[in-house]
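Shown next, in structure tokens, is the structure this report addresses.
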Amino acid sequence: MRPVLRASALVAGAATLLAAAAAPAAAARGTATAVVPAAVTYTLVTEPADRYQAIYSLINSAQTSLDMTMYELTDTTAEQDLAADAARGVNVRVILDQNLEKSNNTSAYTYLSSHKVHVT
């Protein structure tokens with residue numbers, strides 16, 4: 001049977017504070033410095049139109065955070081990639097369907113939870 005990876009949305013983003021290092025010095029001088037986050041990149045990938053490789057590539061490219069919403073996740077490659085991201089310090093959050101697909105998502109929920117992925 002072909003693994004199932006039905007995604008409603010896959011969003012990866014990272015934000016850094018550009019002026020964070022300058023803020024203490026500015027405070028000492030009594031001047032105000034705005035701390036502005038860098039641009040956040042959002043990418044929407046839908047399957048099957050974009051094929052699995054686009055999803056795997058996006059998962060593997062996460063640097064600081066990855067948020068993923070799934071209807072059904074039985075794709076062990078995606079599960080392992082998400083766990084690998086979490087192991088290297090990426091904040092990985094996954095929402096799995098708990099209504100219609102709960103029985104299909106139980107294995108993924110268990111695996112991801114045991115590999116430091118924040119999953120609900």
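The values are calculated or read from the model by the stated rules, or taken from the named source; none is laboratory data. As the structure is a computational prediction, the values presented were derived from the model and not from experiment. Here the Cβ positions follow ideal geometry from the backbone for every residue, glycine too, while neighbour counts run over all protein chains shown.
Among Asp75, Asp85, which is of a type outside the set (A, V, I, L, M, F, W, C), within 15 Å of Ile55 (Cα to Cα) and in contact with a Pro (Cβ under 9 Å, 6 or more places away or on another chain)?
Numbers: Asp85 fails: in contact with a Pro (Cβ under 9 Å, 6 or more places away or on another chain).
One residue alone meets the criteria, Asp75.
Any idea which residue in region 42-68 is modelled with the highest pLDDT, counting only those that are part of a loop (DSSP other than H, G, I, E, B) and over 21 Å from Val117 (Cβ atoms)? Don't jump to the end; show me each part of the working.
We begin by selecting, within region 42-68, every residue part of a loop (DSSP other than H, G, I, E, B); these are 42-50, 62-64.
Filter again for over 21 Å from Val117 (Cβ atoms), leaving 46, 48-50.
Details: Thr46: 67, Pro48: 63, Ala49: 60, Asp50: 57.
Per the stated criteria, the residue is Thr46.
For the condition touching a helix residue (DSSP H, G or I) at 6+ places or on another chain (Cβ under 6 Å), in contact (Cβ under 8 Å) with a residue 12 or more places away in the chain and assigned to a helix (DSSP H, G or I), what is the one hit in Ala86, Ala108? Outline the logic, then answer.
On the way: Ala86 fails: touching a helix residue (DSSP H, G or I) at 6+ places or on another chain (Cβ under 6 Å).
The conditions single out Ala108.
Which of the residues that make up region 73-103 are surrounded by 17 or more Cβ atoms within 10 Å (Cβ to Cβ), farther than 19 Å from Thr43 by Cβ and at pLDDT below 95?
Residues satisfying the conditions are Thr74, Leu96, Glu101.
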